[in-house]
1. Between beta-carbons, use under 10 Å as the cut-off and find the net charge around A:N61, counting Lys and Arg +1, Asp and Glu -1.
2. Please average, across the residues of B:186-195, the number of beta carbons from any other chain that are within 10 Å of each residue's own beta carbon, and give a whole number.
3. How shielded is B:49-55 by partner chains, expressed as the average number of their Cβ atoms within 10 Å of its Cβ atoms?
4. Can you give me the C-alpha center-to-center distance between segment B:201-225 and segment B:290-308, rounded to a whole angstrom?
5. Would you kindly calculate the translational diffusion coefficient of the protein assembly as shown, applying Stokes-Einstein with the Kirkwood radius from alpha carbon pairs, for 20 °C and a viscosity of 1.002 mPa s, and quote it in µm² s⁻¹ without decimals?
6. Averaged over peptide A:108-115, how many Cβ atoms belonging to another chain are found within 10 Å of each residue's Cβ?
7. Each label point is 7 Å from the Cα along the Cα-to-Cβ direction; what then is the distance between the points at A:L197 and A:A145, in nm?
8. Which pairs, out of A:K46/A:K187; A:K46/A:K147; A:K46/A:K184, put more than 27 Å between their alpha-carbon atoms?
Amino acid sequence: MARILTSICVVAFAASIAAQSTPAHRSYDIEFLGAPLADPVLQHAKETFVLFGCAYCHGLNLVSRGEATDLMHSALVGRDENGNRIGPLLRAGIPQTAKLSPMPQFSDLSDQQIAALVTWIHYARQQGRYQELTAAPARAGDMAAGKAYFERSCRTCHAVDGDLSGIGRKYDAPALRTAILDPKSLKVERSFTSARLHDAKLEAAQQRHHALLENYAAEEVANLVAYLASVR
Amino acid sequence: MTLTRRDFGKVLLAGVSGCAALQSAREAFAQTHPPNRSLINGVQFGLQPFCYHDLAMTRENRGELIRRLVRNGMGMVELHATWVEPRFNDPGVSAAAARDRLRAWRLSPPAGYYRGIRQQLDDAGVAVFTYYVNFDDSYTDAEIDATFEGAKILGARGCVGSFGLAVSRRVVPFPGRHGMFIGLHNHDNLSDPDAYASEASMVTGLSMSPDFKMMLDTRHFTAADGDCVGFLERHHDRIAGMHVGDRRKHNGRSAPFGEGDAPIIELLRMVRDNRWPIVALLEFEHGTLRPEVEEVDLMFDYCKRAVA
């Protein structure tokens with residue numbers, strides 16, 4: 001009897017181990033969603049974007065399907081800061097339109113869910129805009145226009161006689177373009193350690209550059225490259 | 001006329017053998033025509049394959065579509081024309097030129113084209129209930145007729161589309177010529193006077209022709225604050241089918257079945273208990289992280305339990 005009981009326990013234990021060892025993402029539609037992202041915050045944002053049905057109309061990577069607004073190039077998304085424009089629109093929806101399918105309202109979503117949707121929209125837009133801008137053929141820029149853009153958009157944090165002194169000597173035009181679109185110094189892995197959690201300076205710099213990336217025109221990038229290349 | 005006992009016996013014998021013949025004919029029919037696999041307790045279910053959000057609606061993907069339908073236990077489908085027709089919008093081809101080529105193709109499709117697709121569907125045990133095609137002003141009369149002809153060969157009983165009152169008026173003469181119906185598909189834009197969104201707009205559309213029937217979309221009607229149960233009760237004899245899905249009221253978002261405001265269980269039980277020949281086509285738009293086949297299974301299970 002004891003032997004039988006032992007056998008049953010062994011089988012039950014083996015079964016429980018087998019059950020635990022099944023893949024965590026057994027019911028995860030990897031073909032549609034892509035492999036889970038390394039960054040859990042972004043992965044959660046992406047999943048939220050899918051779970052509330054946004055991806056079916058606006059496209060998982062913001063390549064819109066059908067009549068939905070093109071979020072990759074929407075001016076409203078470009079002006080949004082931390083959901084200050086996207087959030088209210090999501091909650092209200094767009095009922096008054098001549099199109100057949102007005103956008104539903106998402107009034108029942110929590111602030112965290114709205115924040116996750118906003119995170120994904122901006123992340124996906126940054127990825128898409130980076131690809132668009134780097135795929136665009138390199139063109140000669142207007143140095144004066146680039147200087148004007150720099151004074152207007154970059155001067156609050158950077159100075160050509162300070163941190164960017166002689167930058168035109170150090171980098172050629174393609175490297176400058178890459179650095180403008182995706183600065184290496186801001187590529188810091190997301191972390192919830194106390195130190196990183198309150199690194200307001202880094203966060204502000206990331207946000208500022210991401211906002212620029214989301215709104216650059218190819219011409220503006222070319223002008224900026226021309227100006228910075230002249231800083232010797 | 002007097003009936004002798006001998007005559008009575010002959011009549012009785014003929015009657016018995018007639019009944020036996022009828023019974024064996026029924027059995028033979030049942031063997032060659034098994035019941036549709038998604039007929040559940042008298043309610044015919046089917047699928048609007050829009051639910052497979054990851055699968056582009058192209059004729060190249062039709063084989064995969066059919067495999068998924070079978071996997072989901074679906075024996076009936078609303079087939080969008082894009083699963084059937086070729087596309088002509090190649091790079092460098094203008095939209096107008098692509099439209100002209102599509103029209104030309106529709107007017108003279110390759111011989112046996114639709115029959116081949118019908119065979120493919122028949123072999124898988126999938127019946128086409130309706131053919132989804134968005135008629136608009138760019139359609140010529142001949143093209144509308146040709147579309148109905150193709151749909152008929154596929155086995156469709158009607159053509160359904162997202163068009164409003166103006167286009168409906170234009171297509172009045174067509175379904176009757178082909179012994180079919182036109183399914184009016186409601187959306188949820190109450191601000192567009194041409195759209196089917198309110199009950200009044202749908203009644204206006206239905207009054208245009210006895211060949212017009214509703215394809216009542218429960219998601220859209222719920223989002224437009226419509227009364228699905230009341231509509232079914234009042235107009236069931238003019239409803240060919242329902243797009244069964246869930247959404248929240250007041251232009252609310254799509255939700256998994258049972259989590260929105262659409263009275264799915266009540267509607268399905270009304271169809272079951274009244275034996276109305278209204279086809280329930282599952283269609284959903286809510287998000288899921290699961291593969292779409294699994295999600296269809298879950299939503300279908302919800303409906304099966306409703307009519308169990």
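1. +2
2. Per residue, the number of nearby Cβ atoms from other chains is 4 on average.
3. Neighbouring Cβ atoms belonging to other protein chains average 3 per residue here.
4. Between the Cα centre of segment B:201-225 and that of segment B:290-308, the gap is 25 Å.
5. For the chosen part, D equals 77 µm²/s.
6. 1
7. Going from the A:L197 label point to the A:A145 one covers 4.6 nm.
8. Pairs exceeding the cut-off: A:K46/A:K147.
Where a number appears in this text, it was derived from the coordinates with a stated rule and is not lab data. Please read these numbers as outputs of a predicted model, since none were measured by experiment. For neighbour counting, all protein chains shown are included, and Cβ atoms are generated from backbone atoms with ideal geometry for every residue, glycine included.
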